[in-house]
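Engineer: Would you mind keeping the following structure in view while I ask a few things?
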Amino acid sequence: MSIETDDGRGHGHDSEHHLPAVEDWPKGFGEASWWPFISALGGSGFYIGAALYVLGQGQSPIVSPVAGGAVFVLSTFVFLTGLYGWLYHAFIVDFWEGEAADFGFPLKLTMLLFLATEVATFGAGFIYYFFIRAGSWSDLPPIVADGEVLSTLVIANTLVLIASSVTIHYAHHALLNGDRTRFVRLLGATLGLGLVFLAGQVYEYYEFIVHLGFSLTDGAYGTAFYGLTGLHGLHVSLGAVLLSILFIRALYGHYSAEKHVSVSTVSMYWHFVDIVWVFLVVVLYVGAIV
Amino acid sequence: MSDRIFDRETMLDLSVNFIPLGILLFFVLLFLVLAPFPGDPLIVLVQMSLVIIPGIALLMLTYYSGNAIEGSRDDEQAEPGYSEADAEVARSAGEE
Amino acid sequence: MAALVGAVFLAALGFVARVNGWWGRLPFVDRTRVATDGGHAHEPGSGLAHKPSGITRWLTTVDHKDIGILYGMYGVIAFLWGGVSVMIMRFELFTAAETYISPEMYNALLTSHGITMLFLFGTPIIAAFSNYFVPLLIDADDMAFPRINAIAFWLLPPAALLIWAGFFTIPLDIAISPAQTSWTMYTPLSVEQSNPGVDLMLLGLHLTGVSATMGAINFIATIFTERGDDVTWANLDIFSWTILTQSGLILFAFPLLGSALIMLLLDRNFATTFFAVEGGGPILWQHLFWFFGHPEVYILVLPMMGLVSWILPKFAGRKLFGFKFVVYSTLAIGVLSFGVWAHHMFGSGMDPRIRASFMATSLAIAIPSAVKTFNWITTLWNGKVRLTAPMLFCIGFVANFVIGGITGVFLASVPVNLILHETYYVVGHFHYIVMGMIAFAGFGAIYYWFPIVTGRMYNRKLAKGHFWLSMIGVNITFFAMLLAGYFGMPRRYATYSDFNPELAPLTEITFLHQVMTAGAVIIAVGTILWLLNVVWSWKKGGKVTDPDPWNTKEYGLHGREFAWFEQQLAATDGGETESESAVATDGGADGESVATDGGSEQA
């Protein structure tokens, strides 16, 4: 998730050595930083939290049922602290100091590689769906049998997400043309549309679970539906976080026609999430009822 | 991939990957000629794709990597992984 | 509240960071070593420190060389646990009946041995070499993303704790026991085991996957964007090529495994149907797992082939024969490895036509591997072979690969596979690969680069003893496994006392098991020699003052990493190369080499 960003400065043989952010903590060392350790600690904390959650379930829980959640929340703070410290020192503190062109290619390549891993991540879920769709496609929940799964809400939501892809594309264009106001506005619109999409998803879940009684454990299709839309929803949420960071930084005056690498990378991510959603609607919603 | 794209020497280098491609092609032809099991179109499609897709992927990767490697070839440069200063020593030794 | 706890934690960390005394006594933080390996040490009086001292240095480091060492330590610890677990199993198998450990404990050790060796030893030990040496070989200043590199490493220790958690909780007598799923974690067994130790292991495995994926992205970005000006695709070294290919495999294999693991966790805890009969079925797990699992084999073996392709020519006195063949065949393996996964599941009742396809691709992938073998052998042809310890391990690697590889080709064939796949034949085959190749190349590389990393030389006699014990032990143990497979000994059995004598001759099988145990003891003794050698030499070994300890210059085979090492040594004399100077090694013997070579290379 944070993979698209690092301070990979240091290429170029004119520089004497590889110096990461000199304002880093601990201060004054060329090749030392606490932030990776703290980020990794927080990142692992999610797994420890999940493990404690598992141990806290069942008839005779081994640890307190709240332990998992508590560790998870704590880890989130640690993780975000680590990421913030790292990214702040690497990118933000001297944003206008660095050379623009230097890291564009590595960072965009890295985002591309990250998206390749995402193909594999989503791939496993889709393979499950194709397995059940091509295999014993039976015992379907009523919403599939009635065709209710493809509601106007989904179609509207899809249009919202596609629109957000368009707005971020033109936001980027506006930035490249030097039209900052338009850039910030369109970026804000993208973020807004992303949040609307997420709200729509939450509303859809609510409708399905509470009113139509269709939940995660509702047979093979329920697993596929909530597994895939849930995974996608997590990605949209992460995208919304990234967009918020972009938006806030844009409000603070960051980015220009020359320095816009994070806008490019987040835009790549957002388009990817959008494409996955279109594919998902085609196979999981439409594909279930045709 | 014809000789116009890669020169003779490069084709020789790439030939290493033509052998597995040949094996894949052999099996595709074999499966087409000898099909002892009843022909379910879906299964046959999967069967063929499983051989043909890796073959195509291999062909593409060989082509692009061949391009990248030959495109950056320079007779003056050091041997792979060896230091430039050392390459000079080796070159001068070779000239003697 | 969370912030408060965080602050307390950070204060504790700071406290630990100040308590340096115990740390400095460990061999790998030897002051001298710090200086000679990378010249980053804080030399008293030099003014600017590049790294803090003590444990803080290791926790905060973003230097690829330090992280490489951390990966190495981690891999070695995992290797030792993997070795101990298998020795317990081997002693249990010395007799046919249940003797020392329960079958449950046997299953747990079996699982832990596999998972540990593949995920906690194999991948990290490769990352150790690639972190340390790829940036040096491609003339980069560091990895493309030094901090992601550090994060990727620091995710691994908690992952190991989670994976091994079931063993740690045995003394606590709580309801967590080690997972007994085998490393393949086949459903429905892995779904139905209610032991939460399985969940912890799955979470830990997912974490190692995240770590490996971050590392892979970093390596691809590094090799694509951080190469020095005179390093092009045409003269990229073979080790970096294999790391690039390996990272490409990780990019697709590990995230897919990650998703599959999450699906398994959901099945276990939230009653989803991913691998249930009414959902995707157990066969879906096998497909997903082996779509990861077969590339994983090449993820482990390709970089080791790269290491051998790099090291073997140095002691053969010749350039690698057919360098481009090795490069292209590496890429071919990379692509084809995603198309062969179902040969691990020929016995699962797949459609025979589809099995035939996988047989075709599996036979095809044997070619690029065989090509490499011939390249290594022809490199040795007419070469001036010098049997140093690294070279011995390289030759052992090739020899073991001939057996391990050819036994594998037979398994690609469906009819042979159906007979042999559930027997010790398969166990013998893949151990020839993982121990006879992967571990051998790792040992060879450790010896080869020992002078660079530690600034000292290992004990040559011990190293040769280590090689011969390993070579003999490996061939006794794993050849006996191949034979036991022909006799019909099934895999994964904790006891074999009540076999049907019609199907499996108990006398021969018992004898072969005893041979295997004896062979395993020989390997263990060799490994102990290695461990003693490395620890002792790191601390007390003779200091390396010759920047070309392997005399590779004589043959025009001087690698960039040793050119960099020379600069580091030279810096101790003149100090003009880098301000981050190293402390003086003994004598000024390296002065002359500075003069002759000019140090024109960039580190």
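Engineer: Run down B:PHE27, B:PHE6, B:PHE31, B:PHE18 and say which single residue is more than 8 Å from chain C (Cβ to nearest Cβ) and in a helix (DSSP H, G or I).
Structural biologist: B:PHE18
Engineer: Hey, does the range C:356-367 have a residue that's closer than 30 Å to C:VAL534 by Cα, in a helix (DSSP H, G or I) and within 14 Å of chain B (Cβ to nearest Cβ)?
Structural biologist: no
Engineer: For a quick check of your reading of the model, give me the residue pairs whose first member lies in the range C:62-87 and is within 14 Å of chain A (Cβ to nearest Cβ) and crowded, with 21+ Cβ neighbours inside 10 Å, whose second is assigned to a helix (DSSP H, G or I) and among the basic types (Lys, Arg), with beta-carbon atoms closer than 6 Å and at least 6 apart or on different chains.
Structural biologist: Sorted first by the residue in the range C:62-87, then by its partner, the pairs are C:VAL62/C:ARG147.
One line per residue, one yes/no per condition, for (1) buried (at least 17 other Cβ atoms within 10 Å of the Cβ); (2) touching a helix residue (DSSP H, G or I) at 6+ places or on another chain (Cβ under 7 Å); (3) at pLDDT 95 or above:
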position	(1), (2), (3)
A:LEU191	yes, yes, yes
A:ALA199	no, no, yes
A:ALA224	yes, yes, no
A:VAL236	yes, yes, yes
A:LEU246	yes, yes, no
A:LEU251	no, yes, no
A:VAL263	yes, yes, no
A:TYR285	yes, yes, no
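Engineer: Being small (Gly, Ala, Ser), within 25 Å of C:GLN514 (Cβ to Cβ), out of contact with any Cys (no Cβ under 8 Å at 6 or more places or on another chain) and away from every other protein chain (no Cβ under 14 Å) is the requirement here; does C:GLY122 meet it?
Structural biologist: Taking the combined requirement at face value, the residue does not satisfy it.
Engineer: When you check C:ALA253 against the structure, is it surrounded by 21 or more Cβ atoms within 10 Å (Cβ to Cβ) and facing another protein chain (nearest Cβ under 9 Å), yes or no?
Structural biologist: Judged against the criteria, C:ALA253 is a match.
Engineer: Does C:VAL308 satisfy being buried (at least 24 other Cβ atoms within 10 Å of the Cβ), more than 8 Å from every other protein chain (Cβ to nearest Cβ) and assigned to a helix (DSSP H, G or I)?
Structural biologist: Against the criterion (buried (at least 24 other Cβ atoms within 10 Å of the Cβ), more than 8 Å from every other protein chain (Cβ to nearest Cβ) and assigned to a helix (DSSP H, G or I)), C:VAL308 qualifies.
Engineer: Is it the case, given these coordinates, that C:GLY197 is closer than 21 Å to A:TYR53 by Cα, more than 11 Å from chain A (Cβ to nearest Cβ), of a type in the set (Gly, Ala, Ser) and in contact with a Pro (Cβ under 6 Å, 6 or more places away or on another chain)?
Structural biologist: Criteria not met by C:GLY197.
Engineer: While we're looking at this one, here's another question. Report whether or not C:TYR186 is away from chain A (no Cβ under 14 Å), touching a residue at least 24 places away in the same chain (Cβ under 8 Å), part of a loop (DSSP other than H, G, I, E, B) and more than 30 Å from C:HIS64 (Cβ to Cβ).
Structural biologist: The answer is yes for C:TYR186.
Engineer: Can I ask one more? Looking at A:GLY56, A:GLY43, A:GLY30, A:GLY68, can you tell me which residue is closer than 19 Å to C:PHE145 by Cα and at pLDDT 75 or above?
Structural biologist: A:GLY43
Engineer: Oh, and also: Which condition number does B:ILE43 fail, the rest of (1) at pLDDT below 80; (2) facing another protein chain (nearest Cβ under 7 Å) being met?
Structural biologist: Unmet condition: (1).
Engineer: Checking A:ALA189 against (1) within 30 Å of A:PHE105 (Cα to Cα); (2) among the small types (Gly, Ala, Ser); (3) under 17 Å from the mean Cα position of the chain (by Cα), which single condition isn't satisfied?
Structural biologist: Against the list (1) within 30 Å of A:PHE105 (Cα to Cα); (2) among the small types (Gly, Ala, Ser); (3) under 17 Å from the mean Cα position of the chain (by Cα), A:ALA189 comes up short only on (3).
Engineer: Restricted to the range B:63-81, and to residues that are more than 9 Å from chain C (Cβ to nearest Cβ) and in a loop (DSSP other than H, G, I, E, B), which residue is nearest to B:PHE6 (Cα to Cα)?
Structural biologist: B:ASP75
Engineer: Now a separate question. Quick one: count up the residues across the range C:527-558 that are in a helix (DSSP H, G or I), out of contact with any Ser or Thr (no Cβ under 7 Å at 6 or more places or on another chain) and of a type outside the set (Ser, Thr, Tyr).
Structural biologist: 13
Engineer: Identify, by number, the condition in (1) more than 11 Å from every other protein chain (Cβ to nearest Cβ); (2) in a helix (DSSP H, G or I) that C:PHE562 doesn't meet.
Structural biologist: Among (1) more than 11 Å from every other protein chain (Cβ to nearest Cβ); (2) in a helix (DSSP H, G or I), the lone unmet condition for C:PHE562 is (1).
Engineer: Of everything in the range C:271-293, what is at the interface with chain A (Cβ under 8 Å from one of its Cβ atoms) and under 25 Å from the mean Cα position of the chain (by Cα)? Give them in sequence order.
Structural biologist: Across the range C:271-293, the qualifying residues are C:HIS287, C:LEU288.
Engineer: Can you tell me how many residues within the range C:332-348 are within 14 Å of chain B (Cβ to nearest Cβ) and over 14 Å from B:LEU24 (Cα atoms)?
Structural biologist: 7
Engineer: Just to be sure I understand, how many residues within the range C:249-276 are free of Cβ contacts under 8 Å to residues at least 40 places away in the same chain and hydrophobic (A, V, I, L, M, F, W, C)?
Structural biologist: 8
Engineer: Keeping to the range A:216-226, report how many residues are at the interface with chain C (Cβ under 7 Å from one of its Cβ atoms) and more than 12 Å from A:ARG133 (Cβ to Cβ).
Structural biologist: Final tally of qualifying residues: 4.
Engineer: Still on this structure: Among the residues of the range C:507-521, is any crowded, with 19+ Cβ neighbours inside 10 Å, within 21 Å of C:LEU312 (Cβ to Cβ) and at pLDDT 90 or above?
Structural biologist: No, the range C:507-521 contains no residue that is crowded, with 19+ Cβ neighbours inside 10 Å, within 21 Å of C:LEU312 (Cβ to Cβ) and at pLDDT 90 or above.
Engineer: When you scan the range C:234-249, do you find a residue that is more than 14 Å from chain B (Cβ to nearest Cβ) and farther than 30 Å from C:GLN180 by Cβ, even just one?
Structural biologist: Within the range C:234-249 (the criterion being more than 14 Å from chain B (Cβ to nearest Cβ) and farther than 30 Å from C:GLN180 by Cβ), the answer is yes, since at least one residue qualifies.
The values are calculated or read from the model by the stated rules, or taken from the named source; none is laboratory data. Keep in mind it's a predicted model, so treat the numbers as computed, not measured. Please note: Cβ atoms are built from the backbone with ideal geometry, for glycine as well, and neighbour counts cover all protein chains shown.
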